[in-house]
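To keep things clear, I will list the structure first and then write my remarks on it.
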Amino acid sequence: MPELALLDHDTVLAAVSPTGAIEATRDAFLRHHDGEWTMPSKVYVENYPAGDFRAMPALGGGYAMVKWITSFPGNPAKGLPTVSGVLVLSDAETGVPLAIIDARAVTALRTGAVAAVAADALAREDAATVGVIGCGLHGTWAARCMVAAGYGPGVCADPDPRAAAGLAEELGWDADADPSDCDVLCFVTPGHEIVLAAGQVRPGAHLNMLGADGPGKAEAEIDAVRACRLFCDEWAQASHGGELTGAVEAGVVTREDVTDLGAVLAGDATGRVDDDETTLFDSTGLAIQDLGVAIAAYEAVRDGRVPASTVTL
Ligand SMILES: NC(=O)c1ccc[n+]([C@@H]2O[C@H](COP(=O)([O-])OP(=O)(O)OC[C@H]3O[C@@H](n4cnc5c(N)ncnc54)[C@H](O)[C@@H]3O)[C@@H](O)[C@H]2O)c1
């Protein structure tokens, strides 16, 4: 019977630093771009109005995994997290399961990490300051990863003053200033209302749009999206359930207008063309990102760098 490592939330965070998550995420985009890592489409299992389940499989690096994760927006009122789930990592050669991993920690790390990977690839070379709009769980990890990548100081903006002040205090950032002048803006709100109007798009800025990761969500006006040079994590997801979806459905953005981040990282496509344009990266969240962080976490346990318990099936 296989013995599986059990990686809970704290074990994942002990095993993978923000810097480690950034490296794993960048590598995952490169491997996927060159065809070495593969990723069938995300499957949604809907149970509305309560919420939905998402099954996210990926294969690469000698491993296969599936992340089974939720979005239940009414859960906080019940004292439960909006997002929860598990990730199962298996040996790709034998199919034997190797680890059960807390999906929430992996998701937080890989979501924060992609903000830093995209900024490194697409922001102006002299970009430093960061505005985080939406300072909840994933906004916090985006900010932490931006710091790990050398960005800052920054501004934390959130209608919940405790969320903004808490993150600002942790990082030594500002919770009272206007974030719109920052070099990199990370939008990590629930995506139920527009927080970026077309008139607010500033030349030279880089925008990480992280909050709109499913159908019906948007953080920017369609004209704001259209005003930018556009990049996405994956076209299929971004055009159907991402920040780009509204502009695609309105017929003002097509596949030819949008470049994959992996192609830019690999040097196969152009990123930012000049210092005055605004770049926009649409993150919808990819299973290959989860795979990259899950491998890093599992190998830290396997190699004895971080302790974890086990379970025998
Ligand atoms: N792109 C990805 O890969 C990815 C991954 C995970 C989560 N997400 C998405 O990111 C979003 C945020 O998730 P979370 O888990 O951090 O949620 P959360 O509830 O922890 O945080 C959201 C924060 O946004 C704030 N907010 C709400 N309206 C705002 C506004 N108008 N301006 C500024 N801040 C506002 C809230 O007060 C809250 O602090 C969700 O839509 C989630 O689905 C995306």
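Numbers for the structure displayed
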{"read-out": "Helix 161-171 axis, angle to the chain major axis (alpha carbon atoms, nearest 10°)", "value": "70"}
{"read-out": "Derived scalar couplings ³J(HN,Hα) [the range 259-266; Karplus, 6.51 cos²θ - 1.76 cosθ + 1.60; whole Hz; x for Gly, Pro]", "value": "10, 6, 4, x, 5, 5, 4, 7"}
{"read-out": "Of every Cα-Cα pair in the range 115-285, the percent that sits beyond 25 Å", "value": "23"}
{"read-out": "Around Val117: net Lys/Arg minus Asp/Glu count, Cβ-Cβ under 12 Å", "value": "-2"}
{"read-out": "Packing-based order for 52-61, 202-211, 282-291, using average beta carbon neighbours within 10 Å, highest first", "value": "282-291, 202-211, 52-61"}
{"read-out": "Rounded to the nearest 20 debye, dipole of the range 115-285 from Cβ charges on Lys, Arg, Asp, Glu", "value": "240"}
{"read-out": "Between 0 and 90°, nearest 10: helix 18-33 axis offset from the chain longest Cα axis", "value": "90"}
{"read-out": "Cα lying deepest toward the dipole's positive end in the chain, options Ala149, Thr19, Ala177, charges on Cβ", "value": "Thr19"}
{"read-out": "Nearest-ten-degree value, helix 137-148 long axis tilted from longest Cα axis of the chain", "value": "80"}
{"read-out": "Amide proton proximity set for Asp174, modelled H, under 5 Å, gap of 5+", "value": "Gly154, Val155, Cys156"}
{"read-out": "Over the chain: Kirkwood hydrodynamic radius from C-alpha pairwise inverse distances, Å", "value": "19.5"}
{"read-out": "Value of [θ]222 nm, deg cm²/dmol, for the chain, DSSP H segments ≥ 4, -39500 (n - 2.57) each, nearest 500", "value": "-10000 deg cm²/dmol"}
{"read-out": "Rounded to 5, percent antiparallel among DSSP beta bridges of the range 115-285", "value": "0"}
{"read-out": "Neighbourhood net charge (11 Å Cβ-Cβ; Lys/Arg +1, Asp/Glu -1) for Leu286", "value": "-2"}
{"read-out": "Net +/- balance of residues flanking Thr245 in space, Cβ distance below 12 Å, scoring K and R +1, D and E -1", "value": "-4"}
{"read-out": "Residue exposure sequence - Trp235, Trp37 - by fewest surrounding Cβ within 10 Å", "value": "Trp235, Trp37"}
{"read-out": "FRET efficiency, Glu170 to Asp8 (Cβ-Cβ, R0 25 Å, nearest 0.05)", "value": "0.65"}
{"read-out": "Fewest-first ranking of Thr189, Thr25, using other Cβ atoms within 10 Å as the exposure measure", "value": "Thr189, Thr25"}
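Coordinate-derived values only; no laboratory data. Only a predicted model underlies this, so the values are computations on that prediction, with no experimental measurement involved. Methodologically, a virtual Cβ is constructed for each residue, glycine included, from the backbone with ideal geometry; neighbour enumeration extends over all protein chains shown.
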